[in-house]
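Peer 1: This structure is in structure tokens; I'll ask about it shortly.
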Amino acid sequence: MPDETLVYKITEGSVRTEVVKRDDDLLTAEETRQNWAAVCQAMQDELHTWAKLKCISRKNKSAARNVIDTRWVLKWKWEALPSGEKRRIIRARLTVRGFKDRDKGTLGTYAGTAQRYSQRIIVSEAVATGWDIYTSDVIKAFLHGVSYEELATLTGEPVR
């Protein structure tokens, strides 16, 4: 691909590691400084999304049982324009540092995703039988989850 560079990294044991460098990687500290206005706008857009989906609210820290901090992840992304052209934008994602959750040892962490072999079997079967395959994506799927109150009602566990 024209926007990718393949780099072989040779380590001490003469083991080669493939590293793909794309033009939609994380912003460097210098790129963040140079594009500070766009970074601030991307962060504000992300916070508006969290607020619109009712994922955040203000609370007194003294009344909090479980304080988990966050970290910003800043990436270059390609955005399609109505004209069909693309432009490179900055996308900010607010991530929660779950390893600081006081309940981390008692929470389930299974995330159901299809393994590559499962995907290959489905595609092979679809090709063999002439089926059409469709995919879908839920934008901000994680933020569309149930609230802690709804989860407690569904599972009978205490509200987190």
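Peer 1: Condition first: among the hydroxyl-bearing types (Ser, Thr, Tyr), in a helix (DSSP H, G or I) and within 23 Å of the chain's Cα centre (by Cα). Now tell me which residues in the stretch 120-160 satisfy that.
Peer 2: The answer is 148, and nothing else.
Peer 1: Could I ask something else about it? Restricting the search to the stretch 51-97, which residues are hydroxyl-bearing (Ser, Thr, Tyr) and open to solvent by 60 Å² or more (accessible area, probe 1.4 Å)?
Peer 2: Scanning the stretch 51-97 gives 57, 62, 70, 83.
Peer 1: Here's another thing I want to ask about it. Please identify the pairs in which a residue from the stretch 45-58 that is without any contact (Cβ under 8 Å) to a residue 40 or more places away in the chain has its Cβ atom under 7 Å from the Cβ atom of a residue that is outside any loop (DSSP other than H, G, I, E, B), counting only partners at least 6 apart or on another chain.
Peer 2: 56/50
Peer 1: Of (1) farther than 30 Å from residue 147 by Cα; (2) in contact with a strand residue (DSSP E or B) (Cβ under 7 Å, 6 or more places away or on another chain); (3) at pLDDT below 85; (4) open to solvent by less than 100 Å² (accessible area, probe 1.4 Å), residue 15 satisfies all except one. Which?
Peer 2: (2)
Peer 1: May I ask you to list the residues in the stretch 84-118 that are part of a loop (DSSP other than H, G, I, E, B), under 18 Å from the mean Cα position of the chain (by Cα) and hydrophobic (A, V, I, L, M, F, W, C)?
Peer 2: Those that are part of a loop (DSSP other than H, G, I, E, B), under 18 Å from the mean Cα position of the chain (by Cα) and hydrophobic (A, V, I, L, M, F, W, C): 111, 114.
Residue-by-condition table, conditions (1) touching a Pro at 6+ places or on another chain (Cβ under 8 Å); (2) at pLDDT 90 or above; (3) surrounded by 12 or more Cβ atoms within 10 Å (Cβ to Cβ):
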site: 48; (1), (2), (3): no, yes, no
site: 101; (1), (2), (3): no, no, yes
site: 110; (1), (2), (3): no, no, no
site: 118; (1), (2), (3): no, no, no
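Peer 1: Is it true that residue 38 is surrounded by 12 or more Cβ atoms within 10 Å (Cβ to Cβ), more than 18 Å from residue 160 (Cβ to Cβ) and among the small types (Gly, Ala, Ser)?
Peer 2: yes
Peer 1: Out of 128, 114, 92, 80, I need the residue that is of a type in the set (A, V, I, L, M), more than 30 Å from residue 59 (Cβ to Cβ) and in contact with a strand residue (DSSP E or B) (Cβ under 7 Å, 6 or more places away or on another chain). Which one?
Peer 2: So the residue among 128, 114, 92, 80 that is of a type in the set (A, V, I, L, M), more than 30 Å from residue 59 (Cβ to Cβ) and in contact with a strand residue (DSSP E or B) (Cβ under 7 Å, 6 or more places away or on another chain) is 80.
The values are calculated or read from the model by the stated rules, or taken from the named source; none is laboratory data. Because the structure is predicted, anything quoted here is derived from the model rather than measured. No Cβ is skipped: glycine too gets one built from the backbone with ideal geometry, and neighbour counts run over all protein chains shown. Protein only, heavy atoms only, side chains kept; ligands, DNA and RNA dropped before computing areas. Shrake-Rupley method; radii C 1.70, N 1.55, O 1.52, S 1.80 Å.
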